[in-house]
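The values are calculated or read from the model by the stated rules, or taken from the named source; none is laboratory data. Everything quoted here is computed from the prediction, not taken from an experiment. Because the Cβ atoms are built from the backbone with ideal geometry, glycine has one as well, and the counts that use them run over all protein chains shown.
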Amino acid sequence: MTAPLLEMTDLRIEFTDADGNRAEALRGVDLSVDSGEVLGIVGESGSGKSIAMMAFLQLLPRGARVTGSAKFRGEELIGMSSARIRKIRGKAIGCIFQDPLSAFNPVLRLGDQIAEAILLHDRSMSRRTALKEVERLFELVAIPQPAKRIRQYPHEFSGGMRQRAMIAMALANRPELVIADEPTTALDVTVQAQILDLLGDLRKELGIGLVMITHDLGVVAGIADRIAVMYGGRIVERGPTDPLFYNTAHPYTAGLIGAVPTLDGTGALRQIEGTPPSIFNRPPGCSFAPRCTVAQPVCHQTDPALRVTGATDSACHFPLTTVTPEVAE
Amino acid sequence: MTDASQPAAQIAPRRTPGPIARTMRRLPLTAKIGAAILLMWLITVVTVQLWPLADPLQMVGRRLQPPSMDHWLGTDALGRDVFSRTLHGAVWSIPIAIVVVACAVAIGSFLGAISGFFGGWWDTIIMRLVDVTVAFPPILLAMAVAAMLGPGLANASIAMVIVWWPIYARLMRAQVLEVREREHVEAAVAGGAPPLRVLRVHVLPLCWTPTLINATMDFGQVVLLAASLSFIGLGATPPSPEWGSMISEGATRFYNWWIAFGPGMAILTVVLATSFLGDGLRDLFDRRSQ
């Protein structure tokens, strides 16, 4: 078997604040993405889902200390020289940001802006050819009237069109991996569905690996091949999409699934009580234990390792697959 | 809502005015007056040689004549026409103000942008240099530098640039600090853009508003400071018709008020006009001050 497109092993991020307090934002994450595969990363704010991606692209602020390994096509990204990583950013790895309005330079026409991204990595191309290429990309992401649209500014686009343009920019240099950080959060539900369909289609057409970061399980349910659920800077459950939903092992995942509204649902939405722990003051045991409904004394003392529990891997002393299957009906 | 029965000619969009014309139209009245006065002065600078005016450097009448039809603002102690000298003075004062402001903006913005964007040692060194410079009262520092370099308008200009650049360095630094945290800058970095390119393409174009407003306002202040330096003999040397040195000549002859009146009014109108225009521009562009 060939090596995965992206492989993170024991990735850790530590911040030190002005008072010298140390905080671990990421505590040993193992993940991999293959070409043509969609990996969903799900978690609350502060669970470390975005920061993990920013870490290996070296986009973190200076105070962050990153350890562990992240290999892209077998090449180590952690500690890579800034000149070398610049050749990978935007070229082999494209990024889609959450808010497509603030992620575009407001004073540049979209065509020029995306052409700029192409020319950065291909000096031999002329500006005119680059603009033609942008037109082709706009067609690819189904923006109507591309020839007219490339001459417009970001504020002249609607939210959905802007996100399409963002995807076009991420795809501009034919990347092998695309990281989408909450790509649909700023959009309303119907547009959200269109964008998800588009991403799914593009993945099949272009055979790219796609990492989809979101706080909404519903977003990744339809598109992801595998899902990793993060909590408190760790992966708490990881596995193929279907088992993760139907044979849920970790109580946190079960809680997230319970909090998704259903179409026929007449009952009240269940919520997970409490708030995530502060990263400066993590509980000694499992970080989810204080909020967990099935926590035992041991959960507050030792942090469980990620291990195979049924069809998925989970980090729980008492995985639901072996104790109570009631949530996973 | 467009009425379908309307003739096509009326529905067709009118030619939209360019951004400068649109900005001018939205300016408050005072700012429009300011812009008009400045425009008049600029026209004067360019065309004054062609006007049927008395030679500003030659004796053209009797000494110390009060205003009359022949000499609209009278004559000075050497029998030169004050009106002609005032208008010719613009050829000195206004280009110098433009050059000084342009240099101060260029140097200050460049250093401020480096300071704000790269931070660290660059920031420390440049900002301490700024602190040291602004610690002196502007006119004192300008006098000291001009006195050190010797009199003359070129040296006075250098002195004024030294006094003025730190303001622009601070303005630009503050603006860069804010803009570089925006998401499109992160997006550009994630797209593989090297730092200098990020600064040039994605940060700087969004940083010019406060600098532009301030430069407009400072224009008048530079005219004033240039005149002040000439007034105390550190700027223009006689017999150049410079406003400051003309006022200085008039200051000793208080009863021949017209000698200082011409250049005085010239300075007044330029400073007021730039203040009006700067205020108006700030009302338009700087949302925070409202």
With region A:216-329 as the region, which helices (runs of 4 or more DSSP H) entirely inside it contain at least 3 residues that are in contact with a Cys (Cβ under 9 Å, 6 or more places away or on another chain)? A:251-258
Find the residue count for region A:84-102, including only residues that are more than 19 Å from the chain's Cα centre (by Cα) and either at the interface with chain B (Cβ under 8 Å from one of its Cβ atoms) or aromatic (Phe, Trp, Tyr) (or both). 2
Looking only at region A:276-309, which residues are of a type in the set (S, T, N, Q) and touching a strand residue (DSSP E or B) at 6+ places or on another chain (Cβ under 8 Å)? A:Ser287
Please enumerate the residues belonging to region A:7-32 that are buried (at least 16 other Cβ atoms within 10 Å of the Cβ) and either in contact with a helix residue (DSSP H, G or I) (Cβ under 8 Å, 6 or more places away or on another chain) or among the β-branched types (Val, Ile, Thr) (or both). A:Met8, A:Leu11, A:Ile13, A:Ala25, A:Leu26, A:Val29, A:Leu31
Has region B:176-187 got any residue that is surrounded by 22 or more Cβ atoms within 10 Å (Cβ to Cβ), more than 14 Å from every other protein chain (Cβ to nearest Cβ) and in contact with a Phe, Trp or Tyr (Cβ under 8 Å, 6 or more places away or on another chain)? yes
Given (1) buried (at least 19 other Cβ atoms within 10 Å of the Cβ); (2) of a type in the set (Gly, Ala, Ser); (3) within 14 Å of another protein chain (Cβ to nearest Cβ), identify the lone condition not met by B:Ala169. (3)
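How about region A:190-241: which of its residues are closer than 18 Å to A:Pro261 by Cα and without any contact (Cβ under 8 Å) to a residue 12 or more places away in the chain?
If the condition is that a residue be closer than 18 Å to A:Pro261 by Cα and without any contact (Cβ under 8 Å) to a residue 12 or more places away in the chain, then A:Thr190, A:Ala193 are the ones that fit.
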Of all the residues that make up region A:103-146, how many are more than 9 Å from chain B (Cβ to nearest Cβ) and part of a loop (DSSP other than H, G, I, E, B)? 11
Output the residues belonging to region A:48-83 that are assigned to a helix (DSSP H, G or I) and within 14 Å of chain B (Cβ to nearest Cβ). A:Ser50, A:Ile51, A:Met53, A:Met54, A:Ala55, A:Phe56, A:Ser82, A:Ala83
Residues in region A:244-263: is at least one more than 23 Å from the chain's Cα centre (by Cα) and surrounded by fewer than 20 Cβ atoms within 10 Å (Cβ to Cβ)? yes
As an exercise: evaluate B:Ile259 against (1) without any contact (Cβ under 8 Å) to a residue 40 or more places away in the chain; (2) part of a helix (DSSP H, G or I); (3) more than 21 Å from the chain's Cα centre (by Cα) and give the number of the one condition it does not meet. (1)
Does at least one position in region A:169-186 carry a residue that is at pLDDT 90 or above, surrounded by fewer than 18 Cβ atoms within 10 Å (Cβ to Cβ) and in a helix (DSSP H, G or I)? no
Listed residues B:Ile96, B:Ile125; which is assigned to a helix (DSSP H, G or I) and closer than 30 Å to A:Gly63 by Cα? B:Ile125
Residues to consider are B:Trp122, B:Trp72, B:Trp92; find the one that is surrounded by fewer than 21 Cβ atoms within 10 Å (Cβ to Cβ) and modelled with pLDDT under 90. B:Trp72
Hey, does region B:190-198 have a residue that's part of a helix (DSSP H, G or I), buried (at least 23 other Cβ atoms within 10 Å of the Cβ) and not acidic (Asp, Glu)? yes
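Could you list all residues from region B:188-230 that are hydroxyl-bearing (Ser, Thr, Tyr) and within 12 Å of chain A (Cβ to nearest Cβ)? Working first, answer last.
Step one: filter region B:188-230 for residues hydroxyl-bearing (Ser, Thr, Tyr), giving B:209, B:211, B:216, B:228, B:230.
Across region B:188-230, the qualifying residue is only B:Thr209.
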Counted residues, region B:37-59 - those being among the hydrophobic types (A, V, I, L, M, F, W, C) and touching a residue at least 24 places away in the same chain (Cβ under 8 Å): 10
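Per-residue answers, yes or no, for (1) farther than 29 Å from A:Leu31 by Cβ; (2) surrounded by fewer than 19 Cβ atoms within 10 Å (Cβ to Cβ); (3) small (Gly, Ala, Ser):
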residue	(1), (2), (3)
A:Ile93	no, no, no
A:Glu116	yes, no, no
A:Val134	yes, no, no
A:Ala142	yes, yes, yes
A:Ala147	yes, yes, yes
A:Ile167	no, no, no
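Do we find a residue being assigned to a helix (DSSP H, G or I) and of a type in the set (S, T, N, Q) anywhere in region B:55-72? Talk me through it step by step, then tell me what you get.
Quick first cut of region B:55-72, residues assigned to a helix (DSSP H, G or I) only: none.
Looking through region B:55-72, none of the residues is assigned to a helix (DSSP H, G or I) and of a type in the set (S, T, N, Q).
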Please go through region A:2-31 and pick out each residue that is modelled with pLDDT under 90, assigned to a strand (DSSP E or B) and hydrophobic (A, V, I, L, M, F, W, C). A:Phe15, A:Ala23, A:Ala25
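Taking the condition crowded, with 18+ Cβ neighbours inside 10 Å and free of Cβ contacts under 8 Å to residues at least 40 places away in the same chain, does A:Arg127 pass?
Working: crowded, with 18+ Cβ neighbours inside 10 Å: no; free of Cβ contacts under 8 Å to residues at least 40 places away in the same chain: yes.
No; evaluated as a whole, the condition is false for this residue.
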